[in-house]
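Below is one structure, written out as structure tokens, with a few remarks after it.
The values are calculated or read from the model by the stated rules, or taken from the named source; none is laboratory data. For clarity, every value in this text was computed on a predicted model and none was experimentally measured. Counting neighbours? That spans all protein chains shown, and the Cβs are built from the backbone with ideal geometry, glycine included.
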Amino acid sequence: MKILIFGGAGFLGSHVADFLSEQGHDVTIFDLKKSEYLQKNQKMVVADMTDQAQVMNAVKGQDIIYNFAGVADINFAKDNPYETLTQNFIGNLNILEACVKSNIKRYVFASTLYVYSALGSFYRASKQSCELTIESYADHYNLDFTVLRFGSLYGPRASESNWVYRILSQALEKKKMVREGDGEEIREYIHVHDAAKLSAKILEKDYRNQYIIISGNQSIKIKDLLVMVREMLNNSVDIEFIEGKNDHHYEITPYNFRPKLAKKISDSGYIDLGQGILDLIYNIADRKASLDAELRQILNSLP
């Protein structure tokens, strides 16, 4: 099929693009800048999804539309509501209009577990608004869709906006990991490769007009994750918890808001969290030239 991926140059979007290309689909990436991960068999559209004309032109002739674009950093969203709502809501609205006018077979929207929460600030508000708007378009125009609610992602190609990437970079560059709060928060991390595979699987007909949760199979406390990283680095980095609380993040569960019910899907085989974190440490180290000599020596000595 012909598949257009908004935000296909980003962390998750680029992995989904690669997975769909491997399956034989004709993949086009739509993003604000050219993807550094663009494959030879993929096309690229450099444009802005808040520009309705550009979106309409890109969607024309496609079969499936994925939307991974927009603001995904909760901390940024909290302090930048106008940009967050413009990118996330108006962008989504432009894509929906184009999907209807081009008779798209399925619209796949990347949402978040924060739609279940009263927390998450403007990020949560933007995603809840998008889901409600998608439901209305589906009812009014008979547009087929799938909403994907993602948990905590980690893995290669992440940026500083991703907490796991940020904390590993901090450990490698500063030999210290700092966390606001007590670290008792529980998360279900999922490797981006597993998330991309499941994001492609939902094109099967059983997932048409469904709400799907894609999160990890291994729950872990933040402080335990930090201890695991410290042990991987031969106990050569410090962990510091500072006073304060991320009052726009949930502690254990996001479930205090009731959107449409979603089914959680998983794969029989998935990347183990410890192995995934260790692999990401090497990935980040390869990208950073100026590592502490002691840490570089530790990494070189690991099997």
- Query: Can you name the residue in the range 23-38 that is surrounded by 15 or more Cβ atoms within 10 Å (Cβ to Cβ) and not β-branched (Val, Ile, Thr) and is also nearest to Ile202 (Cα to Cα) among such residues?
  - Reply: His25
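With the condition being within 19 Å of the chain's Cα centre (by Cα) and in contact (Cβ under 8 Å) with a residue 40 or more places away in the chain, I'd like the helices (runs of 4 or more DSSP H) fully within the range 19-131 carrying at least 2 qualifying residues. Step through it out loud before you land on a result.
Numbers: elements: 52-59, 74-79, 81-85, 91-101.
So the answer is 74-79, 81-85, 91-101.
If you check Leu96, Leu38, which single one turns out to be in contact with a Phe, Trp or Tyr (Cβ under 6 Å, 6 or more places away or on another chain) and modelled with pLDDT of 95 or more? Steps first, please.
Details: Leu38 fails: in contact with a Phe, Trp or Tyr (Cβ under 6 Å, 6 or more places away or on another chain).
Of Leu96, Leu38, the one residue that is in contact with a Phe, Trp or Tyr (Cβ under 6 Å, 6 or more places away or on another chain) and modelled with pLDDT of 95 or more is Leu96.
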- Candidates Glu188, Glu184, Glu180, Glu173, filtered to the one that is over 28 Å from Leu4 (Cα atoms) and within 15 Å of the chain's Cα centre (by Cα): Glu188
- Can you name the condition, by its number, that Leu153 falls short on among (1) part of a loop (DSSP other than H, G, I, E, B); (2) aliphatic (A, V, I, L, M); (3) within 12 Å of the chain's Cα centre (by Cα)? (1)
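A quick yes/no check of all residues on (1) among the hydrophobic types (A, V, I, L, M, F, W, C); (2) out of contact with any strand residue (DSSP E or B) (no Cβ under 7 Å at 6 or more places or on another chain); (3) crowded, with 21+ Cβ neighbours inside 10 Å:
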{"residue": "Lys43", "(1), (2), (3)": "no, no, no"}
{"residue": "Asn75", "(1), (2), (3)": "no, yes, no"}
{"residue": "Lys78", "(1), (2), (3)": "no, yes, no"}
{"residue": "Asn88", "(1), (2), (3)": "no, yes, yes"}
{"residue": "Lys105", "(1), (2), (3)": "no, no, no"}
{"residue": "Ala110", "(1), (2), (3)": "yes, no, yes"}
{"residue": "Ile134", "(1), (2), (3)": "yes, no, yes"}
- Message: Going through Asp73, Asp79 one at a time, which residue ends up being touching a Phe, Trp or Tyr at 6+ places or on another chain (Cβ under 8 Å) and at pLDDT below 95?
- Response: Asp73
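I'm checking my understanding of the structure. Among residues of the range 134-150 that are free of Cβ contacts under 8 Å to residues at least 60 places away in the same chain and outside any helix (DSSP H, G or I), which one is farthest from the chain's Cα centre (by Cα)? Break it down stepwise before answering.
Filtering the range 134-150 down to residues free of Cβ contacts under 8 Å to residues at least 60 places away in the same chain leaves 134, 136-137, 139-143.
Next, from what is left, pick out any that are outside any helix (DSSP H, G or I): 142-143.
On the way: Asn142: 27, Leu143: 24 Å.
The qualifying residue farthest from the chain's Cα centre (by Cα) is Asn142.
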